[in-house]
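Here's the structure we're looking at; comments come further down.
The values are calculated or read from the model by the stated rules, or taken from the named source; none is laboratory data. Nothing here was measured: the structure is a model prediction, and the numbers come from that model. Neighbour counts run over all protein chains shown; Cβ positions are idealised from the backbone, glycine included.
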Amino acid sequence: MSSWFLPDYIFAKFDDITVDFLASRGIKALLIDIDNTLAPYEVAEPDERIAEWFKMLRERGISATLVSNNGRERVELFNRTLGLPYYYKSGKPFAKNLKKAMAAMGSDKTNTAMLGDQLLTDAAAGKHIGLTTIIVPPIRDKSNLFFRSKRALEVPTIKAYVKKHGGESALICDFWLNKRFNEKRG
Ligand SMILES: [Mg+2]
């Protein structure tokens with residue numbers, strides 16, 4: 001069951017994803033979540049690091065579109081200086097806006113990746129339509145009961161990923177899981 005949202009790749013943070021990595025996997029287009037993938041919920045606008053990363057993608061010919069489940073106001077303010085194509089209230093794990101974004105970029109499932117922090121929405125939406133899926137651990141986890149329950153559902157998938165990939169992924173996922181377990185105990 002957990003393979004429904006088992007991501008293809010896990011990175012420690014969004015800007016560890018290099019153009020060379022994307023090129024080596026044949027990725028020419030990225031669909032990107034905002035909240036907890038690029039910035040925490042409460043950070044309204046992108047910092048220099050985010051701007052630099054998008055600049056690098058643009059210069060190397062990688063298309064990018066923001067695909068967020070958050071509302072219009074949040075997404076438009078965050079995108080004000082980035083000027084990317086964007087979709088808000090996307091309803092991930094449903095893939096409607098992922099498909100629209102791909103059509104607009106002229107990409108298809110063979111050369112597009114979905115990048116996000118949520119296995120149950122971002123990875124699931126991407127996998128559902130056969131995209132490459134890349135996950136980063138959420139920058140700042142909310143700690144209310146709903147989020148903790150959702151996170152608990154993700155643990156078997158994270159463990160499955162480590163079992164499959166080993167190596168460096170084990171370190172990233174160990175940190176992710178232990179942070180979660182500490183949260184639970186606390
Ligand atoms: Mg997110």
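So in segment 31-53, with the set limited to residues that are surrounded by 21 or more Cβ atoms within 10 Å (Cβ to Cβ) and out of contact with any helix residue (DSSP H, G or I) (no Cβ under 7 Å at 6 or more places or on another chain), which one is farthest from Glu154 (Cα to Cα)? Here the residue is Ile32. Given the criteria under 27 Å from Glu48 (Cα atoms) and modelled with pLDDT of 95 or more, does Ser107 qualify? So Ser107 does not fit the description; no.
Of all residues in segment 44-63, those being within 17 Å of the chain's Cα centre (by Cα) and either assigned to a loop (DSSP other than H, G, I, E, B) or in contact (Cβ under 8 Å) with a residue 60 or more places away in the chain (or both) number 2. Being in a loop (DSSP other than H, G, I, E, B) and either at pLDDT 95 or above or among the hydroxyl-bearing types (Ser, Thr, Tyr) (or both) is a property that Lys89 has. Residues in segment 74-109 that are over 16 Å from Asp35 (Cβ atoms), in contact with a strand residue (DSSP E or B) (Cβ under 9 Å, 6 or more places away or on another chain) and polar (S, T, N, Q): Ser107 only. Looking across Asp47, Asp35, Asp20, one residue alone is on the phi < 0 side of the Ramachandran plot, in contact with a strand residue (DSSP E or B) (Cβ under 8 Å, 6 or more places away or on another chain) and among the acidic types (Asp, Glu). It is Asp47.
Results for (1) away from the ligand (no atom under 15 Å from the Cβ); (2) of a type in the set (Val, Ile, Thr); (3) modelled with pLDDT of 95 or more, shown as yes or no for each residue.
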site	(1), (2), (3)
Met1	yes, no, no
Phe5	no, no, no
Phe11	no, no, no
Thr18	yes, yes, yes
Leu22	yes, no, yes
Ile27	yes, yes, yes
Ile32	no, yes, yes
Thr37	no, yes, yes
Glu48	yes, no, yes
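Within segment 93-109, does at least one residue satisfy the condition of being surrounded by fewer than 22 Cβ atoms within 10 Å (Cβ to Cβ), within 13 Å of the ligand (Cβ to nearest atom) and on the phi < 0 side of the Ramachandran plot? Scanning segment 93-109, I find at least one residue that is surrounded by fewer than 22 Cβ atoms within 10 Å (Cβ to Cβ), within 13 Å of the ligand (Cβ to nearest atom) and on the phi < 0 side of the Ramachandran plot, so the answer is yes. Going through (1) touching a Pro at 6+ places or on another chain (Cβ under 6 Å); (2) polar (S, T, N, Q); (3) surrounded by fewer than 17 Cβ atoms within 10 Å (Cβ to Cβ) one by one, Thr121 falls short only on (3).
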